Structure formats: C-alpha cells, structure tokens
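So the structure is just underneath, and the comments pick up after that.
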Ligand code: PLP
C-alpha cells in the first residue's frame, strides 16, 4: 500500500514519513559500510567518521558542541536517561509538569517526584512550579512542545524560575516535538538536558539524542562497552544516526517556510471545521502552539467512534482518550488542562507536517464534517 496515494495522513505528531534524503543517507550503512564504528581498523574508522560528522550536524542544529551530543535509542530513552540518570547519580527529587509525555511523567512519578499543574493551554503553571521547587530537587523536566495539544512552554521563563528556586537542579526539556517548529538553539541555551527523537522530523524510528551540557554528570542507564564517552553504551546505530542528522539538518533549513505554509493549511482546516460544525472548540489558542497542531474537541461525539469513521475513509488522526475500567476517560493532558468532559471525550488530534497538502486538508474537512454529522444523527 502506498500511503501517499491512499491515505490522508494527519498524524505527524505520532510519527513522520522518512524523508528520501534521510533514506538515501542511511543506505550505505545498511549495506557496504557495515563496520562497527568502535573498531580500530580503517574500515571502522571511516564509519566512525560518518558518526562524527553526524554529531557535528546535530550539534550545529541543537546549538551545542559535538561533545555534548549523546546518541540514544529513542526519545523515551533520552527522557529516562535524563531523569533517572540524574536521580541515580545525585539523588534528590524530580519535578515535571502534568502534561508531559509518559516517558517523562512515569519516570518522575516512579522516582517519587512532584507533578506541577498546567494552565488551560497545557503550559506549566509557573507559580506552581516555583512553589514545587526547593533544595531537594535534583531534576526538573518541562517539555518544549506538547505532543497532544501542541502548546509551547516558555522554556526561558521556566529556566529562570528553576535557577532561582532550585539552583542545584538540572533542567531537562523533552524537545521531541520541537525540531520542525522551533529553533532548538533558542531552547538549548537555557537547559542542561534536551531530548530528541529522529522519527518526529523525517528520520528513522529507534534513534534519538540527549543533549548533555558539558559538566553535567549522569548515571548511564546502559552499562557496557563505554560508547558515547561512557554516557551510553551499546553499538552505534550508524545508519539511524546518519539519517537522523540529515533529517534534522533539512528540518532546520526548511522550518521557517514550512511554518508559514502549514500555518495557512492548519488555519483553513480548523476554521472550516468550526464554521461547518457547531459546538467544536479549538483546544489551545493558535498563538500558544505550533503550526502543525490542529487539536479540537467536538461536543457530543466520542473520539473512538469518530476515529473509526475517519479510518474507514483513509484519514489518519488520533485522540488520546484511554479506556479506563470500561469508561472512556479523557487523556491526562486534557484532564490536567481542565477541559470539560463533554468536550474532552470528543478530542481529536490532527497533526500536519512536511508532506501535508491542500488536498489532504480538503479531504479531511469533507470526511470529518460528514462523520461528525453522522455521529450526531444530523441528516442533512
Ligand atoms: N516525548 C514526546 C513529547 C513524544 O511525542 C514522544 C513520542 O511520541 C516521545 C517522547 C517518545 O519518543 P520515542 O517514540 O522516540 O520513544
């Protein structure tokens, strides 16, 4: 099945299609250039050079030095390495926002940490954050962009509060959803740790980055061969690393133009839906979120039923409602934002990206309007 011909893919926050340039970049390392980059022979050294070049590219886009880039197996690993690695090394308490991805939230909760409220847009409540901080706190984690509703946290403000109220704590940001929308250089300079995942920006699945500011000492999650200067053992996923760097380089170059193009598409999608369908709310105001996020809550409709009809018509979107003990429950993010249940149970996340076209938006509108009317029992 060729997805591009048969599907309207509006689930870029879940994963993105790999870019052709990234596929091309990785192929030699899946075929001829298969050496282990940690080896000492010439063949290995040439592959190691490719990893080093990828590291330079990632460092340039993140806005750090190459020695501060640690290659990992995914975004989840990067988040866990930051939080668990800090606590294992330095003890102390973890703090995070209530709207974090479970890769952060569960890691913090598992370590007995503190969870801070968010505002109605899903951004961390800065006053509550200040209150949750003290000398016991060793790591604070606040995401750059929320994966569900697309809201952007004010990381410079978060950093100022952390430095004032918990001066010994490390500040981590999960920037997994950020690279296509936000210049990472404007974020990395405020934090000690930052997580990325290649498959969210046109790279392959199963490879990520943890930026570790120089001087930051964590207990590695993986013990073994001492790769990545003892910070992350395990044979390098060379093909993945090389492809990730190429995808990140291109996302960085294209970001400004793509943001303009996709803002227009997103606005048309949401404006038309809200004009055609009564009782639809835009979950987060546009000024507070990334261009690729079209998250709406549709009253009197259940996300699951809606997604089923969309899926039947070839439209890929998502909700994040989880079925808990037989009853539909809103996602932890919408619950933390205080979205009324009548709306949150009809949450729909459509996320746009590099391959999204005008035709995708036209099709999504037609299918969605029809599906909601059908579920609401509207005949015309
Ligand atoms: N953090 C955020 C904000 C995400 O959206 C995701 C993926 O959905 C992750 C972390 C986990 O990344 P990965 O899929 O690479 O483990």
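Quick notes on this structure:
- Meets criteria (out of contact with any strand residue (DSSP E or B) (no Cβ under 6 Å at 6 or more places or on another chain), surrounded by fewer than 19 Cβ atoms within 10 Å (Cβ to Cβ) and in the same structural domain as residue 198 (by TED's automatic domain parsing)) for residue 37: no
- Of the helices (runs of 4 or more DSSP H) lying entirely inside segment 31-132, those containing at least 1 residues that are closer than 19 Å to residue 206 by Cβ span 42-62, 75-90, 102-110.
- Count - residues of segment 179-190 that are within 13 Å of the ligand (Cβ to nearest atom) and touching a helix residue (DSSP H, G or I) at 6+ places or on another chain (Cβ under 7 Å): 3
- Filter result for the condition that a residue is within 14 Å of the ligand (Cβ to nearest atom) and either assigned by TED's automatic domain parsing to the domain that holds residue 121 or on the phi < 0 side of the Ramachandran plot (or both), over 104, 93, 70, 62: 104
- Residue count, segment 88-100 (criterion: surrounded by fewer than 22 Cβ atoms within 10 Å (Cβ to Cβ) and either over 26 Å from residue 227 (Cβ atoms) or touching a helix residue (DSSP H, G or I) at 6+ places or on another chain (Cβ under 9 Å) (or both)): 4
- Evaluation of residue 45 against the conditions (1) more than 16 Å from the ligand (Cβ to nearest atom); (2) in contact with a helix residue (DSSP H, G or I) (Cβ under 9 Å, 6 or more places away or on another chain) shows that the sole unmet condition is (2).
- Some residue of segment 273-292 being in contact with a helix residue (DSSP H, G or I) (Cβ under 7 Å, 6 or more places away or on another chain), buried (at least 20 other Cβ atoms within 10 Å of the Cβ) and within 23 Å of residue 198 (Cα to Cα): yes
- In segment 191-206, the residues that are in contact with a strand residue (DSSP E or B) (Cβ under 7 Å, 6 or more places away or on another chain) and either at positive phi or more than 8 Å from the ligand (Cβ to nearest atom) (or both): 191, 192, 193, 194, 196
- Here residue 47 meets each of (1) under 23 Å from the mean Cα position of the chain (by Cα); (2) at negative phi with one exception, condition (1).
- Condition met for residue 32 (under 30 Å from residue 186 (Cα atoms), surrounded by fewer than 20 Cβ atoms within 10 Å (Cβ to Cβ), away from the ligand (no atom under 16 Å from the Cβ) and modelled with pLDDT of 95 or more): no
The values are calculated or read from the model by the stated rules, or taken from the named source; none is laboratory data. The shown structure was predicted, so the numbers you read here are calculated from the model rather than taken from an experiment. Don't worry about glycine lacking a Cβ; one is built from the backbone with ideal geometry, like all the others, and counts go over all protein chains shown.
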